[in-house]
Amino acid sequence: MKLTILGCYAATPRTITNPTAQILEIRNRMFLIDCGEGTQVQLRKNKLKFSRINHIFISHLHGDHFYGLVGLISTFMLLNRQTDLHVYGPKGIKEIILLQLRYGNSFTGYNLYFHELESKESEVIFEDDKVMVKTIPLKHRIYTNGFLFQEKVGDRKLNIDAVQEHKIDTCYFQKIKIGKDITLDDGTIISNEVLTFDPIKPKSYAFCSDTSYDESIIPVIQNADVLYHETTFLESEADKAEKTMHSTAKDAATIALKANVKQLLLGHYSTRYSNIELFKHEAETIFSNTLLADDGMTFDFD
């Protein structure tokens, strides 16, 4: 599971920082999470292939989280994209994007599907044979969701020594990896447990931005391997966090602790602060396993 931070600062873009956008690579899928201004440039800077993005998840309709979307959709058209593109976001996102495309006479040559969200309860919005994505209803000034990405349990791992010992032909390998026992020519049944090792434990990534402190998300993100949680303010500006319905570093750390996540990743910093290390120091007083996101950083969670 690999995460690339394209942008992780709040509100306005600057020459040195970018608004929210991330690429999550999980089980050979590449998901774009939010798409603030400058996302295309950041994709190029980080040498990420546009063509691998087939699913885009937009948390809410504040500009610093989706103003880069129409530009990216248009660029896909200029690159002669043929693959379907799916966009998941709040009700209204389809109207906004199609209006811009219509007046720019820039309709796509590929299929563009919008999956508009309205539910205030957690729901599954994407699922295939390897990954499932659920919404995390957040508490912000407008309708907002975070997203929980969960790997499914993979195939079992072949015990090569055992397979060779029993002289099992390679044509049975896939059957073995999906958990089946093998019957030899003499009628002997070889248990799957003898021929395989347990699969790698599936990982999960929870993305929570923007939101005020809200313990109702804890059951959804419980035991996640990684929690990205917004921390727009430090505790010294807790009054501003409450007024704008954002979180402090202390808030994020408290949620991480109560949800028993393995790692906390902070982001969505207000640009009023010149040193983001302050967020880490504050969070670590509550939750020690805390990391700082920053533009251009890549995290491998193996």
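Each residue in the stretch 63-80 was checked for being open to solvent by less than 90 Å² (accessible area, probe 1.4 Å) and polar (S, T, N, Q), and 2 pass.
Kindly establish whether residue 98 is more than 22 Å from the chain's Cα centre (by Cα), at pLDDT 95 or above and surrounded by 14 or more Cβ atoms within 10 Å (Cβ to Cβ). Give the steps one after another, and end with the answer.
Numbers: more than 22 Å from the chain's Cα centre (by Cα): yes; at pLDDT 95 or above: yes; surrounded by 14 or more Cβ atoms within 10 Å (Cβ to Cβ): yes.
Here the answer is yes, as residue 98 does meet what is asked.
Checking each residue in the stretch 263-291 for being open to solvent by less than 20 Å² (accessible area, probe 1.4 Å) and either farther than 19 Å from residue 207 by Cα or in a strand (DSSP E or B) (or both) picks out 264, 265, 266, 267, 269, 290.
Against the test of being open to solvent by 30 Å² or more (accessible area, probe 1.4 Å), among the basic types (Lys, Arg) and in a loop (DSSP other than H, G, I, E, B), the options 175, 201, 134 yield a single qualifying residue, 201.
The residue of the stretch 11-34 that is most open to solvent (accessible area, probe 1.4 Å), among those that are within 24 Å of residue 272 (Cβ to Cβ) and modelled with pLDDT of 95 or more, is 18.
Please find, among 93, 53, 16, the residue that is hydrophobic (A, V, I, L, M, F, W, C) and farther than 20 Å from residue 135 by Cβ.
Values: 93 fails: farther than 20 Å from residue 135 by Cβ; 53 fails: farther than 20 Å from residue 135 by Cβ.
One residue alone meets the criteria, 16.
Tell me, yes or no, whether the stretch 121-140 has at least one residue that is in contact with a Lys or Arg (Cβ under 7 Å, 6 or more places away or on another chain), of a type in the set (Ser, Thr, Tyr) and farther than 21 Å from residue 229 by Cβ. Scanning the stretch 121-140 turns up no residue that is in contact with a Lys or Arg (Cβ under 7 Å, 6 or more places away or on another chain), of a type in the set (Ser, Thr, Tyr) and farther than 21 Å from residue 229 by Cβ.
The condition of being out of contact with any His (no Cβ under 8 Å at 6 or more places or on another chain), under 17 Å from residue 33 (Cβ atoms) and of a type in the set (Ser, Thr, Tyr) holds for only one of 228, 172, that being 228. Checked across the stretch 18-37, the condition of being at positive phi and in a loop (DSSP other than H, G, I, E, B) holds for at least one residue.
Going by the structure shown, is residue 120 closer than 30 Å to residue 299 by Cα, under 21 Å from the mean Cα position of the chain (by Cα) and open to solvent by 40 Å² or more (accessible area, probe 1.4 Å)? Lay out the reasoning, then the answer.
Numbers: closer than 30 Å to residue 299 by Cα: no; under 21 Å from the mean Cα position of the chain (by Cα): yes; open to solvent by 40 Å² or more (accessible area, probe 1.4 Å): yes.
When the stated conditions are applied, residue 120 does not pass them.
In the stretch 141-163, is there at least one residue being more than 21 Å from residue 211 (Cβ to Cβ) and in contact with a His (Cβ under 7 Å, 6 or more places away or on another chain)? Checked against the condition, which is being more than 21 Å from residue 211 (Cβ to Cβ) and in contact with a His (Cβ under 7 Å, 6 or more places away or on another chain), the stretch 141-163 yields no hits at all.
Every residue in the stretch 241-253 that is farther than 20 Å from residue 204 by Cβ and either surrounded by 17 or more Cβ atoms within 10 Å (Cβ to Cβ) or touching a residue at least 60 places away in the same chain (Cβ under 8 Å) (or both), please. Passing the criteria: 241, 244, 245, 246, 247, 248, 249, 250, 251. The residue list 108, 83 contains one member that is surrounded by fewer than 17 Cβ atoms within 10 Å (Cβ to Cβ), farther than 30 Å from residue 242 by Cα, in contact with a Phe, Trp or Tyr (Cβ under 9 Å, 6 or more places away or on another chain) and modelled with pLDDT under 95, which is 108.
Within the stretch 38-47, the set of residues being surrounded by 18 or more Cβ atoms within 10 Å (Cβ to Cβ) and either at pLDDT below 95 or not in a helix (DSSP H, G or I) (or both) comprises 38 only.
Looking at the stretch 88-119, which of the residues that are among the small types (Gly, Ala, Ser) and touching a residue at least 24 places away in the same chain (Cβ under 8 Å) is nearest to residue 59 (Cα to Cα)? Only one residue fits best here, namely 89.
Kindly indicate whether any position in the stretch 68-87 is under 21 Å from residue 268 (Cα atoms), in contact (Cβ under 8 Å) with a residue 24 or more places away in the chain and part of a strand (DSSP E or B). Break it down stepwise before answering.
In the first step, residues of the stretch 68-87 are kept if they are under 21 Å from residue 268 (Cα atoms); the result is 68-69.
From what's left, in contact (Cβ under 8 Å) with a residue 24 or more places away in the chain: 68-69.
Okay, now just the ones that are also part of a strand (DSSP E or B), so none.
No, the stretch 68-87 contains no residue that is under 21 Å from residue 268 (Cα atoms), in contact (Cβ under 8 Å) with a residue 24 or more places away in the chain and part of a strand (DSSP E or B).
Against the numbered list (1) free of Cβ contacts under 8 Å to residues at least 60 places away in the same chain; (2) outside any strand (DSSP E or B); (3) open to solvent by less than 10 Å² (accessible area, probe 1.4 Å), residue 60 comes up short only at (1).
The values are calculated or read from the model by the stated rules, or taken from the named source; none is laboratory data. These numbers come from a predicted model, not from an experiment. Please note: Cβ atoms are built from the backbone with ideal geometry, for glycine as well, and neighbour counts cover all protein chains shown. Side chains included, ligands, DNA and RNA excluded: accessible areas come from the protein's heavy atoms. Shrake-Rupley method; radii C 1.70, N 1.55, O 1.52, S 1.80 Å.
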